[in-house]
Amino acid sequence: MSTIAGIDLGTTFSELARLNAIGRPEIVPNSEGERITPSAVYFDEEEAGAIRIGLEAVNCRQLNPDRAVRWIKRHMGDASWRKKVDGRDWSPEEISSLILKKLKQDGSVESPITQVVISVPAHFDEVRRKATMDAGKLAGLQVIGIVNEPVAAALYYATTQNVNGRVLVYDLGGGTFDVTILDINGSDMKIVCSQGDHALGGVDFDSKIIELLEQAYRKEYKADLITSEQERAKFEDDAEDIKKTLSRRNAVRKIIYGPKGSLKVEITRSQFEKAIEPLLARTDILIEVALEEAQSTTSQINKVLLVGGSTRMPVVREHLEKKFGMPPEIAVNVDECVALGAAIHAGLTLLRDAPDKVPAGIAAGLKDVRLKDVCNHSYGTICAPIDEETGRHVIRNSIILKKNTPLPCEVTQTFYTLFDGQSELQVAITQGEDEDPQYVNRIATETFTLPENRPANRPIQVCYSYDVNQRMHCRFEDSDSGKVLEVEFCTGQNGGMTRAHVEQAARELNGYKVQ
Ligand code: AMP
């Protein structure tokens with residue numbers, strides 16, 4: 001087995017795959033012998049500094065939810081989210097790093113892993129991508145790249161099946177949804193576009209089951225079923241079981257225990273499907289947007305590829321079959337294909353950046369694989385052009401790098417200072433499609449100090465580039481003086497971690513044992 005690996009850091013489950021000697025990816029089971037590891041963390045109260053990861057953490061969570069974390073991916077990049085345990089505040093990056101550390105530890109038994117690519121949902125913004133990379137570094141991994149989950153799945157699919165044509169990847173996991181359209185010709189892949197929702201997935205379907213249980217209990221006893229976090233944790237696990245069973249059976253019968261007594265309930269598949277209809281309608285809207293961006297109709301899609309555990313729900317498969325007039329493709333394992341594809345991506349990344357470090361067998365195995373990815377969002381800056389009708393300055397978001405531009409890409413635009421004697425420029429880097437600054441995210445802000453005593457309208461060259469790892473770099477240059485502001489992107493912005501911060505936290509986390 002080589003030192004090159006791919007990790008699917010999922011909302012509910014995570015997996016690690018390594019490239020073998022001939023460049024084929026293989027899932028490495030965890031120390032419990034399981035191929036997938038629940039993305040759950042539990043801070044042991046009995047043994048100081050010991051942290052349980054995976055199935056044990058899921059089970060312990062019911063005992064003491066205050067010491068447990070699940071679905072951390074939903075908070076990735078959220079600077080205000082913290083979990084306080086034994087007086088220490090844990091950030092989403094740190095919690096995620098514990099899961100990664102366990103995967104690294106279990107995956108390194110045979111030989112160490114050195115270079116890793118971690119997958120993220122296609123619609124993750126810069127802040128979340130940077131947070132994911134930081135989590136990897138905190139876990140002591142050398143993160144050589146980030147890959148979009150549907151792209152990783154398609155990479156694995158295209159390299160193991162004989163595929164040609166326009167493929168739509170429908171990726172519905174534990175907490176996120178992505179739809180990606182790409183053209184595949186053998187092992188040549190060109191991404192066309194992606195759309196997604198970072199708060200739509202299996203946990204939302206579980207919540208609908210909990211709502212059905214609560215309704216039934218309230219109807220019978222006129223009382224709340226769930227009155228504590230501990231009970232909620234238990235019902236969350238029960239709800240997931242019921243949901244999975246409903247993928248195989250038409251109804252589930254269960255006795256639930258609440259404060260007023262027990263109740264025998266039955267939940268039918270059709271009841272559940274009705275409850276999740278509004279959620280699935282959201283995936284439909286995003287498919288329509290993606291088709292429009294790809295200038296395709298449903299009949300121009302040659303294959304629909306399913307990715308993510310939630311695509312096991314029959315309603316998803318039936319709905320897609322009706323929409324596209326053909327059954328979706330289930331040739332690849334929906335749980336494992338992202339990690340497997342991420343490992344291939346890691347091999348391709350190394351072949352591009354450091355070919356001499358790639359063993360000959362792997363280089364030969366991957367030599368025909370070609371991937372052309374695109375920029376997943378539009379990036380711009382806030383400027384103040386003159387409105388033609390009123391003659392006044394208006395604040396606008398001016399897009400510099402357009403969504404779906406093939407990677408790597410670089411665009412330079414010239415902007416001008418606004419008034420005489422302007423000695424400062426408030427630089428704002430935006431992510432989003434709208435001209436109106438209200439409807440885009442400001443993902444970084446900086447002050448650019450300019451030379452004094454100049455007239456207005458001095459040119460500033462703004463250069464945005466986007467690398468193959470889906471990370472952006474920005475450069476502002478004052479043409480007169482040659483002065484440059486490079487925005488070290490996301491480091492320290494929006495509460496993100498600076499390099500020094502990552503290094504310090506990595507040292508601190510070394511003191512914790514994950515099991
Ligand atoms: P992933 O993030 O791809 O690992 O997907 C995990 C999600 O898939 C979780 O919410 C699981 O509950 C869900 N899932 C797994 N198996 C099934 C199934 N048979 N039916 C419905 N949902 C499932």
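List the GluC sites (Glu not before Pro) in region 348-452 that DSSP assigns to loop (not H, G, I, E or B) and whose Cβ has at most 10 other Cβ atoms within 10 Å. Which are they?
For GluC sites (Glu not before Pro) across region 348-452 that sit outside H, G, I, E and B with at most 10 neighbouring Cβ atoms in 10 Å, the list reads E388, E389, E452.
Once Rh is set to the Kirkwood radius over Cα pairs, what Stokes-Einstein translational diffusion coefficient, in µm²/s, holds for the chain at a temperature of 20 °C and a viscosity of 1.002 mPa s?
Translational diffusion coefficient: 87 µm²/s.
With axes computed from alpha carbons, what is the tilt in degrees of helix 92-107 against the longest principal axis of the chain, rounded to the nearest 10 within 0 to 90?
70 degrees
Which semi-axis lengths, in whole Å and largest first, follow from the square roots of five times the eigenvalues of the Cα gyration tensor of region 310-405?
Here the semi-axes work out to 41, 28, 10 Å.
Please report, in cubic angstrom per residue, the volume enclosed by the convex hull of the alpha-carbon atoms of region 203-251. Don't jump to the answer; show the numbers that get you there.
Numbers: hull volume 3.3 nm³, N = 49.
Dividing the Cα hull volume of region 203-251 by its residues yields 67 Å³.
Give me the lysines in straight-line cross-link reach of K219: C-alpha distance below 27 Å, same-chain residues under 8 apart excluded.
K208, K234, K243, K244, K254, K260, K264, K274
If you roll a 1.4 Å probe over the heavy atoms of the protein chains, what accessible area per residue do you get for region 210-273, in Å²?
Computed with neighbouring chains in place, this is 60 Å² per residue.
Ratio of Rg to Rh for region 142-295, alpha carbon only, Kirkwood?
1.11
Using only C-alpha positions, report the orientation-averaged shadow area of the convex hull of region 368-456, nm², one decimal. Don't skip to the answer; put the middle values down first.
Numbers: hull surface 30.6 nm².
Spelled out: convex hull of the Cα atoms, projected over all directions, averaged, 7.6 nm².
After finding the eigenvalues of the alpha carbon gyration tensor for region 217-299, what semi-axes result from the square roots of 5 times each, listed largest first in whole Å?
After diagonalising the Cα gyration tensor, the semi-axes are 36, 15, 11 Å.
Rank-order 181-189, 166-174 by packing density, defined as the average count of other C-beta atoms within 10 Å over each peptide's residues, highest first.
Put in order of decreasing packing, that is 166-174, 181-189.
Counting Lys and Arg as +1 and Asp and Glu as -1, each charge on the Cβ, what is the dipole of the chain about the Cα centre in debye, to the nearest 20?
In debye, rounded to 20, the chain gives about 1220.
What order, most packed first, do the peptides 115-121, 355-361 have when packing is the mean number of other Cβ atoms within 10 Å of each residue?
Packing proxy ranking, top to bottom: 115-121, 355-361.
Taking all protein chains in place and a 1.4 Å probe, what share, in percent, of the accessible surface of region 202-275 do carbon and sulfur account for? Write out the running numbers ahead of the final one.
Numbers: 1790 of 4150 Å².
Ligands and nucleic acids excluded, carbon and sulfur reach 43 percent.
The values are calculated or read from the model by the stated rules, or taken from the named source; none is laboratory data. Just so you know, these numbers come straight off a predicted model, no measurement behind them. When we count neighbours, we look across all protein chains shown, and the Cβ atoms used for this are built from the backbone with ideal geometry, even at glycine. These accessible areas exclude ligands, DNA and RNA; they are computed on the full protein's heavy atoms, side chains included. Shrake-Rupley method; radii C 1.70, N 1.55, O 1.52, S 1.80 Å.
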